[in-house]
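Participant: One structure follows; several queries about it will come next.
None of the figures in this text is laboratory data; all of them are computed from the coordinates on show. A quick note: this is a predicted structure, and the numbers were derived from the prediction, not measured. Please note: Cβ atoms are built from the backbone with ideal geometry, for glycine as well, and neighbour counts cover all protein chains shown.
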Amino acid sequence: MPPIEPVKLSPAPDKPNKAVLELTVNNHPGVMSHICSLFSHRVYNMDGILCMPVKDGQMSKIWIRINGNGQLEQIVKQLQKLEDVHAVRYHNAGHEIFIALEDSFKVI
């Protein structure tokens with residue numbers, strides 16, 4: 001795996017100190033459970049999570065929106081150690097995947 005770069009949060013104007021992690025993972029039973037348990041064991045809350053299969057269903061992309069407190073770098077290091085995680089990318093909280101979902105869930 002490539003070396004871990006320092007986490008640089010680029011806050012969205014209405015969501016300070018939030019970030020989105022984009023994971024590329026193997027698509028098989030138990031992967032989501034491993035990732036979620038990593039967060040729960042560290043008492044780290046996810047604000048949102050979305051998972052979709054890619055590459056003929058053999059891989060999945062997982063987007064996780066989180067608060068950018070001091071544990072983010074440690075969680076990324078732990079995610080990169082998981083056998084089923086192929087890549088971890090950072091995005092700011094204004095990532096279009098969550099913006100589109102928020103618009104879909106707005107109640108008028």
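Participant: Using 7 Å Cα-to-Cβ label points, what is the Gln74/Glu96 separation (nm, one decimal)?
Facilitator: Inter-label distance under the simple model: 3.5 nm.
Participant: Between Leu82 and His28, what length comes free when the chain is fully extended (0.36 nm per residue of separation minus the Cα-Cα distance, one decimal in nm)?
Facilitator: 18.1 nm
Participant: A further question follows. Order the peptides 33-42, 57-66 from the highest to the lowest mean number of other Cβ atoms within 10 Å of their residues.
Facilitator: Ranking the peptides 33-42, 57-66 by packing returns 57-66, 33-42.
Participant: Based on other C-beta atoms within 10 Å, arrange Glu83, Glu73 from fewest to most.
Facilitator: Placing the least packed residue first, the sequence is Glu83, Glu73.
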